[in-house]
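As structure tokens, the structure follows; a few thoughts come after it.
The values are calculated or read from the model by the stated rules, or taken from the named source; none is laboratory data. Since we're looking at a predicted model, the values are computed, not measured. Here the Cβ positions follow ideal geometry from the backbone for every residue, glycine too, while neighbour counts run over all protein chains shown. In case anyone asks, the SASA skips ligands and DNA or RNA and just uses the protein heavy atoms, side chains included. Shrake-Rupley method; radii C 1.70, N 1.55, O 1.52, S 1.80 Å.
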Amino acid sequence: MATRLAPTISPDTEFFWNGLREHKLLIQRCKGCGTVRNPPQPMCPKCRSLDWDAIESSGRGTVYSYVMPHQPQFPFFDYPYIVALLQLDEGVRIVSNLTDIDPADVRVGMPVEVYYQEFDGNLVLHQFRPAG
């Protein structure tokens, strides 16, 4: 069994997954108005431009919210695990796992930083841990 489920990759998200393989956390930026957005989408929600590029995130942010799923349990996760909604310094939010911390110590607003983990030799995912 795989150690993680592979993501569904579309033309709108391919740049993101390719960036992770290079250990870069990429965010869409509208070429029309400069708005950054996540999750990726074909059109800017602010000015409706279809022109965009990607910027590299600093990988730093704070915990905006989090949950600790208990059921159903999947064999590729170590329990308990933390799924966090993170506010990146660039102004967008992203969902990721929060690791290297006791679940009882997680706090909204705590600073976090990205790191990259490889699964099954060809899947690279962004993970976050307490900054420091």
Could you give the dipole magnitude of the chain about its Cα centre, charging the beta-carbon of Lys and Arg +1 and that of Asp and Glu -1, in debye to the nearest 20?
480 debye
Taking each pair of distinct Cα atoms in the stretch 69-130 once, what is the resulting Kirkwood hydrodynamic radius in Å?
12.8 Å
What length, rounded to one decimal in nm, is gained on full extension from Arg129 through to Glu56, with 0.36 nm per residue of separation minus their alpha-carbon distance?
24.4 nm
Okay, which of the stretch 1-30 sit inside 19 Å, backbone N to the point 7 Å along the Cα-Cβ direction of Cys47?
27-30
Per DSSP helix of 4 or more residues, -39500 (n - 2.57); summed, then divided by the residues of the chain. What does that give at 222 nm, rounded to the nearest 500?
-1500 deg cm²/dmol
Candidates Ser49, Ser65, Ser57; GNM for the chain (alpha-carbon contacts under 10 Å) flags as most fluctuating Ser49
Within the under-14-Å Cβ sphere about Cys33, not counting Cys33, Lys/Arg +1 and Asp/Glu -1 give a net charge of +3
Could you do me a favour and compute the accessible area per residue for the chain, 1.4 Å probe, result in Å²?
58 Å²
Given a cut-off of under 8 Å on Cα pairs at least six residues apart, what relative contact order in percent is computed for the chain?
23 percent
Ignoring ligands, DNA and RNA, please state the percent of accessible area on the stretch 19-129 from carbon and sulfur, probe 1.4 Å.
49 percent
In the P(r) worked out for the chain, what percent of Cα pairs fall beyond 27 Å?
22 percent
